[in-house]
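The values are calculated or read from the model by the stated rules, or taken from the named source; none is laboratory data. Given the structure is predicted, the values throughout are model-derived calculations rather than measurements. Positions of Cβ are backbone-derived with ideal geometry, glycine not excepted, and every protein chain shown enters the neighbour counts. Accessible surface is based on the protein model in full, side chains and every heavy atom, while ligands, DNA and RNA are left aside. Shrake-Rupley method; radii C 1.70, N 1.55, O 1.52, S 1.80 Å.
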Amino acid sequence: LEISTFEMKEKVEKKPGIELKNPNIAFDKEDILYHLALGNKSHDLTEMFGDVKFVCLGGTPHRMERFAYYILQEIGYKIPPGTALQDISTHSHRYALFKVGPVISVSHGMGIPSINILLHELIKLMFHAGVKDPIFFRLGTCGGLGLEPGTVVITTEALNGTLEPVHTIPILGKKVERPALLDKNLAEEIINLKESSDNFNIISGKTVCTDDFYEGQGRLDGAFCHFSEEDKYKYLNMAKEKGVTNIEMESLALAAITHHVGIKSAVICVTLLDRLKGDQINQTKKTLEEWQDRPMVIAARYIKKYLNEH
Ligand code: R2B
Ligand code: URA
């Protein structure tokens, strides 16, 4: 792997919480988390976020607000009657971030660039708040390969569009490659949370992560398409044979970045359609909403179990 030189400099800052691999960021120096509308001088980040253990990321502000209220109820947390949870990042107009006790619920937008920026700022937030060993979850949606729509998939390995477990980013004019590795034990623990009364399947498999929803995922229904239906199925079937179960747009960055900084993470996604049967998502809004609750139910189970045991 080609690693740029400044990445090889040793880490300098230490605190009981996570370490940053960046000598330019220090507690006593102003650091503005611009896209979260937070800063280490303008806010007491330790006071606000020092008790965080779980950072749950999902695509939309609406879904992550729903998750915040759901987890509130699940972990028996209370807010004063008549009050509402606040979007702490509301002034950024970029992401929506809620906090319920030890849980952050935050929207990441669509695609790697959006989650990438957010991850830098969330990791710095963990650093400034002195949080030790946080666990990051992506609760998302995806397209399945040969799976009953509504299936929950736990990612074992994130692959790029050429089916390699590598996240490539151009930095200072050079391509830097980072392994997109997820915590295997965490993925297994999550799979084991399946209950016989669940009305959906939970499986694990490799996840392809693309920079595009249409051509990038081999869809025939974009504004343009320069490959045949046969080409599409050749690619999807080849991916399936290599153990790919689903396709989405953020797992590669989450896996690579959290691995790079030594944070445990997992990707829990629900399939909205079977890509071996079509490209369009044609379920009702109600069904889609119900399905999107499934990764949240699984994450809440993990969080509750963890909090009971610690
Ligand atoms: C899943 O759904 C979004 C595209 O519709 C994208 O953010 C993803 O990973
Ligand atoms: N999200 C994706 O990225 N792809 C799908 O097919 C469905 C949801």
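One residue stands out among those in the stretch 132-146 that are of a type outside the set (G, A, S) and away from ligand 1 (no atom under 15 Å from the Cβ): the one that is nearest to D274 (Cα to Cα), which is F136. When restricted to residues that are open to solvent by less than 10 Å² (accessible area, probe 1.4 Å), touching a Ser or Thr at 6+ places or on another chain (Cβ under 8 Å) and more than 12 Å from ligand 1 (Cβ to nearest atom), the stretch 255-267 contains 4. The residue of the stretch 51-86 that is surrounded by the most Cβ atoms within 10 Å (Cβ to Cβ), among those that are within 21 Å of the chain's Cα centre (by Cα) and small (G, A, S), is G58. Taking the numbered list (1) surrounded by fewer than 24 Cβ atoms within 10 Å (Cβ to Cβ); (2) in a helix (DSSP H, G or I) in turn, L272 passes all entries but (2). For the stretch 223-269, which positions are charged (D, E, K, R), within 16 Å of ligand 2 (Cβ to nearest atom) and not in a loop (DSSP other than H, G, I, E, B)? Matches in the stretch 223-269: K232, K240, E248. Residues of the stretch 232-254 that are within 16 Å of ligand 1 (Cβ to nearest atom), under 17 Å from K184 (Cα atoms) and either touching a Gly at 6+ places or on another chain (Cβ under 6 Å) or not β-branched (V, I, T) (or both): T245, S251, L252, A253, L254. For the stretch 149-156, the criterion of being in contact with an Asp or Glu (Cβ under 7 Å, 6 or more places away or on another chain) and without any contact (Cβ under 8 Å) to a residue 12 or more places away in the chain is satisfied by no residue at all.
Pairs meeting the criteria (first residue in the stretch 21-45 and among the small types (G, A, S), second residue modelled with pLDDT of 95 or more and surrounded by fewer than 13 Cβ atoms within 10 Å (Cβ to Cβ), beta carbons under 6 Å, at least 6 apart or on different chains) are A37/H91.
For V176, the criteria (1) part of a strand (DSSP E or B); (2) within 16 Å of ligand 1 (Cβ to nearest atom) hold in every case but one, which is (2). Residues in the stretch 183-221 that are within 14 Å of ligand 1 (Cβ to nearest atom), open to solvent by 40 Å² or more (accessible area, probe 1.4 Å) and assigned to a helix (DSSP H, G or I): E215 alone. Exactly one residue among I123, I115 is among the aliphatic types (A, V, I, L, M), surrounded by 18 or more Cβ atoms within 10 Å (Cβ to Cβ), within 16 Å of ligand 1 (Cβ to nearest atom) and touching a residue at least 60 places away in the same chain (Cβ under 8 Å), and that residue is I115. Name the residue that is nearest to ligand 1 (Cβ to nearest atom), counting only residues in the stretch 275-301 that are under 24 Å from T156 (Cβ atoms) and open to solvent by 20 Å² or more (accessible area, probe 1.4 Å). Restricting to residues being under 24 Å from T156 (Cβ atoms) and open to solvent by 20 Å² or more (accessible area, probe 1.4 Å), the top hit is Q292.
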